[in-house]
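S.K.: Quick one: structure below, then a few questions.
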Amino acid sequence: MKLYVRTRLWLMMIIAIAIWRIFLTLHTGGLVLANFSPLGAMAIFGGACFSSRWKAIGFPLLTLWISDVILGKLLFFHHWQLFYPGFYFTYGAFVLMTLAGRWIVRRITIGRVVMAALASTFIHWIVSDIGVWLDGRTYPLTWQGWIECLVAAIPFELRLLAGTMVYGAVLFGVAVWITKKSAAPATAS
């Protein structure tokens with residue numbers, strides 16, 4: 001099923017899920033559900049649902065950034081910080097995740113959404129962990145250090161995959177329901 005273009009509605013859904021991310025992170029202390037977040041779903045949903053490439057990338061990325069700034073102030077840094085060290089790897093991964101959603105979910109089917117969730121999680125795992133590894137403070141800058149970094153990230157990435165699947169089901173499910181409901185002819189009462 002293809003979605004009708006409803007830019008404001010899709011943007012409001014992404015904003016709502018980002019607000020949920022902030023709420024959930026603040027109320028669990030940030031690490032209880034580490035990486036079981038809607039970020040992957042926001043990326044693939046944005047990629048799939050906006051017809052304009054800049055909206056597909058820009059809206060979810062802007063929403064991610066705003067929620068990061070708010071969480072930075074309220075939980076992680078306790079002051080306003082526009083960007084954190086190594087943000088470009090995370091945001092780069094997010095852009096690639098959005099493009100994967102755009103490319104894979106051309107038509108909304110369960111299989112395509114699952115494939116996009118798997119691909120986006122893999123992208124996040126590789127790209128964001130390049131940043132962790134290149135930082136050099138946690139893992140040595142060797143092949144063995146790179147492998148150790150990737151292995152250590154597996155539990156986090158599995159939670160990201162679970163979050164992407166759950167939140168993706170909600171986002172895409174609601175979007176398909178809204179699209180079908182608005183496309184159905186009105187019945188006379």
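S.K.: Which one is modelled with the lowest pLDDT, of the residues in the range 1-25 that are closer than 24 Å to Leu96 by Cβ and among the aromatic types (Phe, Trp, Tyr)?
M.R.: Selected residue: Trp10.
S.K.: Can you name the helices (runs of 4 or more DSSP H) wholly within the range 29-122 that have at least 1 residues being under 25 Å from Ala152 (Cβ atoms) and of a type in the set (D, E, K, R)?
M.R.: Filter on the range 29-122 gives 53-71.
S.K.: Go through the range 50-79 residue by residue and tally those that are touching a residue at least 24 places away in the same chain (Cβ under 8 Å), open to solvent by less than 10 Å² (accessible area, probe 1.4 Å) and not aliphatic (A, V, I, L, M).
M.R.: Total satisfying the criteria: 3.
S.K.: Yes or no: Val113 at pLDDT 95 or above and either exposed (fewer than 14 other Cβ atoms within 10 Å of the Cβ) or among the hydrophobic types (A, V, I, L, M, F, W, C) (or both)?
M.R.: yes
S.K.: Here is a follow-up. Scan the range 127-174 residue by residue and report those that are more than 18 Å from Pro85 (Cβ to Cβ), touching a helix residue (DSSP H, G or I) at 6+ places or on another chain (Cβ under 6 Å) and open to solvent by 40 Å² or more (accessible area, probe 1.4 Å).
M.R.: Met165, the sole residue that qualifies.
S.K.: Can you name the number of the only condition in (1) open to solvent by 80 Å² or more (accessible area, probe 1.4 Å); (2) at pLDDT 85 or above; (3) touching a Gly at 6+ places or on another chain (Cβ under 8 Å) that Leu82 fails?
M.R.: Among (1) open to solvent by 80 Å² or more (accessible area, probe 1.4 Å); (2) at pLDDT 85 or above; (3) touching a Gly at 6+ places or on another chain (Cβ under 8 Å), the lone unmet condition for Leu82 is (3).
S.K.: Also, I was wondering about something else. Of the residues in the range 26-47, how many are open to solvent by less than 30 Å² (accessible area, probe 1.4 Å) and modelled with pLDDT of 80 or more?
M.R.: Residues that pass the stated criteria total 10.
S.K.: A follow-up question, please. Inside the range 86-131, can you point out the residues that are hydroxyl-bearing (Ser, Thr, Tyr) and either within 11 Å of the chain's Cα centre (by Cα) or under 17 Å from Phe36 (Cα atoms) (or both)?
M.R.: Once the filter is applied, which keeps residues that are hydroxyl-bearing (Ser, Thr, Tyr) and either within 11 Å of the chain's Cα centre (by Cα) or under 17 Å from Phe36 (Cα atoms) (or both), the range 86-131 yields Thr90, Tyr91, Thr98, Ser120, Thr121, Ser128.
S.K.: Also, quick follow-up: Kindly indicate the residue of the range 124-146 that is touching a Phe, Trp or Tyr at 6+ places or on another chain (Cβ under 9 Å) and among the aliphatic types (A, V, I, L, M) and also farthest from Tyr91 (Cα to Cα) among those meeting that condition.
M.R.: In this case the residue turns out to be Leu141.
S.K.: Another question, if that's okay. Give me the pairs, please: first residue somewhere in the range 98-116 and over 12 Å from Gly46 (Cα atoms) and free of Cβ contacts under 8 Å to residues at least 40 places away in the same chain, second residue anywhere and open to solvent by less than 30 Å² (accessible area, probe 1.4 Å) and hydrophobic (A, V, I, L, M, F, W, C), beta-carbon distance under 6 Å, and either six or more positions apart or on two chains.
M.R.: Arg112/Ile104; Arg112/Val105; Met115/Ile104
The values are calculated or read from the model by the stated rules, or taken from the named source; none is laboratory data. Since this is a predicted model, take the numbers as computed values, not measurements. Cβ coordinates were reconstructed from backbone atoms using ideal geometry, including for glycine residues, and neighbour counts include every protein chain displayed. When the accessible area is computed, the model is the full protein with side chains, heavy atoms only, and any ligands, DNA or RNA have been set aside. Shrake-Rupley method; radii C 1.70, N 1.55, O 1.52, S 1.80 Å.
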